[in-house]
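Below is one structure, written out as structure tokens; the observations come after it.
No lab work stands behind these numbers, since they all come straight from the coordinates. What you are looking at is a predicted structure, and each value in this text was computed from that prediction instead of being measured. Cβ atoms come from the backbone with ideal geometry, glycine included; neighbour counts cover every protein chain shown.
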Amino acid sequence: METIKSGKSNPMRKEKVLIIILNNLVGFLKNNIGKYAMLIALGLIIIFFQIRTEGRLLLPMNVTNLILQNGYVLILAIGMVLCILSGGNIDLSVGAVCAFIGGVTGTLIVNMKMDMVSAIIIALLIGAAIGAWQGFWIAYVRIPSFIVTLAGMLIFRGLNTYWLKGLTLSPFPKKFQQISAGFIPDIFSGFELDLNVTALMAGFVIALIYTGLQIKKRLDRKKQNLKCPMIFLFVIKLMLVVAVIMGFSYLLAQHKGIPIVLVIIGTLILIYHFFTLKTVPGRYIYAMGGNEKAAKLSGINTNKVLFLTYVNMGVLASIAGIVFTSRLNAASPQAGVNFELDAIAACFIGGASAYGGVGTVVGAIIGALVMGVLNNGMSISNVDSAIQMAVKGFVLLMAVAFDVLSKKKLSQ
Amino acid sequence: MKDLKASGLDAPSFYLPGDFNMNKNILEMKNITKVFPGVKALNNVNFHVVSGEIHALVGENGAGKSTLMNVLSGIYSHGQYTGEIIFQGKECIFKDIKDSEKMGIVIIHQELAMVPYLSIGENIFLGNERAKAGIINWDSTHVESEKFLKRVGLKEDTHTLIKDIGVGKQQLVEIAKALSKNVKLLILDEPTAALNEEDSENLLKLLMEMKKDGITSILISHKLNEVLKVADSVTVLCDGSTIETLKKGDSLISEDRIIKGMVGRELVDRYPKHVSKKGEVYFEVKDWNVYHPFIDGKKIIKDVNIKVHRGEIVGISGLMGSGRTEFALSVFGKAYGRNISGSILKEGKKLQIKNIRHAIKNGLAYVTEDRKTAGLILMQDIKNNISLPSLDKVSKQNVISENEEIKVAENYRKNLNIKSPSVFQKVCNLSGGNQQKVVLGKWIFSDPDVLILDEPTRGIDVGAKYEIYTIINNLADQGKSIIFISSELPEVLGVCDRIYVMNEGRIVGELDRKDASQESIMKCIIRYS
């Protein structure tokens, strides 16, 4: 890459700089088309529906609803992407586990009047136990995950329906409902403004932290004499991300502020993003999915890694179950149907490889958002729900086809 | 070495390919050249087979035997190689294996290609079903397969599943299958490698009988005693070129003669000069026995005892399938086999190694013979591959320091001369030699005391080989004990200070560098096979 010195601004020089910048931009896009394709697609889908719904898609209320309605998919997608990374394994039981956990919390809170915190802790432990059960069969007995979790889907759905005797448990106390319906209270509410200042402030702080971290990373890499993208690309990327964060928090601020679900999801994304990219166990999951034999011969206990991946999935499924039960304000035998399919689709749309070893948590989140925006956009524009399903199926196929074809092209 | 070569190849009375009476040749392969990326597998090979004979094709691993047969059977289609194939007087252009089978050329691979859960009858007519309009006639399938089974002398119900009969019988079914295709030229790639004495004997008899029926066969085999027993002619391949063709009745035909042809190549300076600074005995494996992981009671490694000094490079030589890899893997944290018994000692102290993690912690490293499927994570970059077994060295509380990782990888990229723009390059984009250096780097970073290298130069070019030998010598000079496994004899002789010869799971010889020659190693192997 050529470095551009800030010389005197004569017209010839400006043109040259412009050409270099353009070339760089084109090269950058070419090299990173796979990486950013889904993000671009998400942007296009948002623009498309924004126009189609005459601006209603991005109304503050609808943006908030997007988060509230799709929170459970986002949580499940995080766990699912780890399963897929570990070697193309999937978990078909997560929908049933969500319902089962709903049944558990319903029984504990509604019937037995247990306090919320204890009930949630018990629910999470049961989720871990379910994960351990399935993980045992998958990792140690080596029954394909598809079969184990298909069995799990039937087992936990059946047990839950039996437990609830086919009835719906409701209502839950207000406090429990707040998990999905509540917002972070506005500590700056004294102002005579129709805005949630806390949300805006939070957005601002997050944008500031992000900028700081990015600059630090860049300086670190510079210090080590490692290659960095050109400064203007860096700035453009930074500005875009900051704009999205600020725009998003502004939209939230116009409605009721930051939903509690968003805090839960945001925390989970941060933790798992860090976990997958920066920690040793995270690296083990990628290594195992990339080549289990090589991972084993490098001294990695792949059985244990696979087992723990499923325990983790159980815990996340139970978090999703709690969030969903709270939103429904009911524990129902019918809850969570097809959740697993949404979560799996989100991962693949987000660029995970069906064979394992490739994919990211952020990718899965983007995939889940694509599905979510499609859901909401089509609902707002009154598309028949049957057609909605067909469209989602088509998008999944096209997203994966694009991924496969672009990789083929790269390898040639 | 040199005098052997001179006495062998310059002898006037051996047969030169090409001056055959053309009418008698069922097959003539002329000037066949086949290039793989980076390697010339076949270089102007001429190969002629007389109608109605059993023609043996011999050579070391990697000499090009299988490649030549793959060219002949259409697995490498016309255009992927250069040269001419003339079969029964006509030039042949095969697009795939179907084309060659239509002409009556059938190849039986070392790895049998049968479906275990289908019956004998179904397998015989697989891809060639007795069917009308797509509907299979089961009666004629079984009646006809019965006929072919009789011809190969196999008494089995044609409804028996393939998985329920032994390898020897499976081999016969393969031949029956070939007969069902109206075979004129049958190619057998190491047909007796997996068979016991009796089954091998039967198979060879069958070949002789088929010869009476006018079926020509090409027999690829390492077992020279078999070759001498049944073959009418023997062609020796070495490094992708035809060395010579010997005929039965020729006074020169003998095991020694063939061995010379197989290994008698010019030894230029392909190995860096190295004098080992041998220390005390450092690593020992005693009374090592290993059983097959799935087949009950099958012993794979039998009473193996080896020891390695500090700073010494010890070779384990032997043909493919002699148990070298299984031995190495079983020592490396019981990564292979069942009911492993014996002891591992380091500096005279017994090591308790239950799994690979323990092995690595105890200073062992194993560089696999198959870097693509077992050594590397191809879709990941150099940095991730190098740090994988030793992530604890670049992390604190399980959090990886990426900068530290990059520094380490960068260090190995420079020192091992890995040709790549950066450590962020995915290893699938590197050449074989550079991939191998990444694998070496990965294990050197784990800082082992004992390094087991399994075929570390397989499939890489001569230049990269030299570099890897140099790396190995440096490691020995640092006082590490090196176990060097290779099926290439010149390499073992060029690199190792001492050589164990392994065959069928046993150590069948131990030779010092100064006593060892290619002939003496080959003789050790053949004496016990």
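Details
- Number of partner chain Cβ atoms within 10 Å, mean per residue of B:418-427: 1
- The protein assembly as shown: Rg to Rh, with Rh as the Kirkwood radius over Cα pairs: 1.04
- From the C-alpha gyration tensor of the range A:88-242, square roots of 5λ in Å: 42, 30, 12
- Distance in nm between pseudo-label sites at A:His273 and A:Lys14 (7 Å out along the Cβ direction from Cα): 3.8 nm
- Fraction of alpha-carbon pairs over 33 Å apart in chain B - percent: 48 percent
- Base-10 log of normalised Debye intensity for chain A (one unit scatterer per alpha-carbon) at q = 0.07 Å⁻¹: -0.38
- Alpha-carbon Rg with Dmax, taken over the range B:116-182, Å: 10.9, 35
- The range A:289-403: Rg to Rh, with Rh as the Kirkwood radius over Cα pairs: 1.05
- Under 17 Å from the A:Lys223 label point (7 Å along Cα→beta-carbon), backbone N, the range B:394-419: B:401-408
- Contact order relative to length of the range B:116-182, as percent, for alpha carbon pairs under 8 angstrom and 6 or more apart: 44 percent
- For peptides B:423-432, B:66-75, A:397-406, sequence by mean Cβ density within 10 Å, most packed first: B:66-75, B:423-432, A:397-406
- With all projection directions averaged, the alpha carbon convex hull of the range B:377-447 covers 4.2 nm².
- For residues of B:351-358, the mean tally of beta carbons on other chains within 10 Å: 2
- Counts of other chain beta carbons within 10 angstrom of each beta carbon in peptide B:385-395 average 4.
- Alpha carbon centroid spacing (whole Å) that separates the range A:137-195 from the range B:434-471: 52 Å
- In order along the range B:26-31, the Karplus-derived 3J(HN,Hα) couplings, from 6.51 cos²θ - 1.76 cosθ + 1.60 at θ = phi - 60°, round to 7, 9, 10, 10, 10, 6 Hz, and Gly and Pro are given as x.
- Compared with the direct C-alpha span, the chain from B:Glu129 to B:Ser401 gains 91.9 nm at full extension, assuming 0.36 nm per residue.
- Amide hydrogen proximity for B:Ile108: with H placed 1.01 Å from N in the peptide plane, the residues at 5 or more positions away or on another chain lying under 5 Å are B:Ile187, B:Leu188, B:Asp189.
- Sorting B:389-397, B:476-484 by their mean Cβ neighbour count within 10 Å, with the most densely packed peptide first, gives B:476-484, B:389-397.
- Amide H contacts under 5 Å for B:Glu53, placed H, 5+ residues apart: B:Ser217
- Given B:Lys95/B:Lys426; B:Lys277/B:Lys426; A:Lys237/B:Lys414; A:Lys16/A:Lys217; B:Lys277/B:Lys372, the pairs whose alpha carbons are separated by over 31 Å: B:Lys95/B:Lys426; B:Lys277/B:Lys426; A:Lys237/B:Lys414; B:Lys277/B:Lys372
- Percent of beta bridges antiparallel (DSSP, the protein assembly as shown, rounded to nearest 5): 60 percent
- Efficiency of FRET between B:Asn415 and A:Lys165 - r from beta-carbon atoms, R0 60 angstrom, step 0.05: 0.30
- Principal-axis tilt of helix B:197-212 within chain B, Cα atoms, nearest 10 degrees: 40 degrees
- A simple packing score, the average count of other Cβ atoms within 10 Å per residue, orders the peptides B:497-504, A:205-212 as B:497-504, A:205-212, with the highest score first.
- Using the Karplus relation 6.51 cos²θ - 1.76 cosθ + 1.60 with θ = phi - 60°, the per-residue 3J(HN,Hα) values for the range B:79-84 come to x, 7, 9, 10, x, 10 Hz, with x marking Gly and Pro.
- Site pair A:Ser379 and A:Phe232 shows an inter-label distance of 4.3 nm when each label is modelled 7 Å from Cα along Cα→Cβ.
- 5 angstrom amide H check on B:Ile483, placed H, neighbours 5+ away: B:Val314, B:Leu451, B:Ile452, B:Leu453
- In order through the range A:356-371: 3J(HN,Hα) via Karplus (6.51 cos²θ - 1.76 cosθ + 1.60), integer Hz, x for Gly, Pro: x, x, 10, x, 9, 4, 4, x, 4, 5, 4, x, 5, 5, 4, 4
- Unit Cα scatterers, Debye sum, the range A:55-106: log10 I(q)/I(0) for q = 0.20, 0.21 Å⁻¹: -0.80, -0.83
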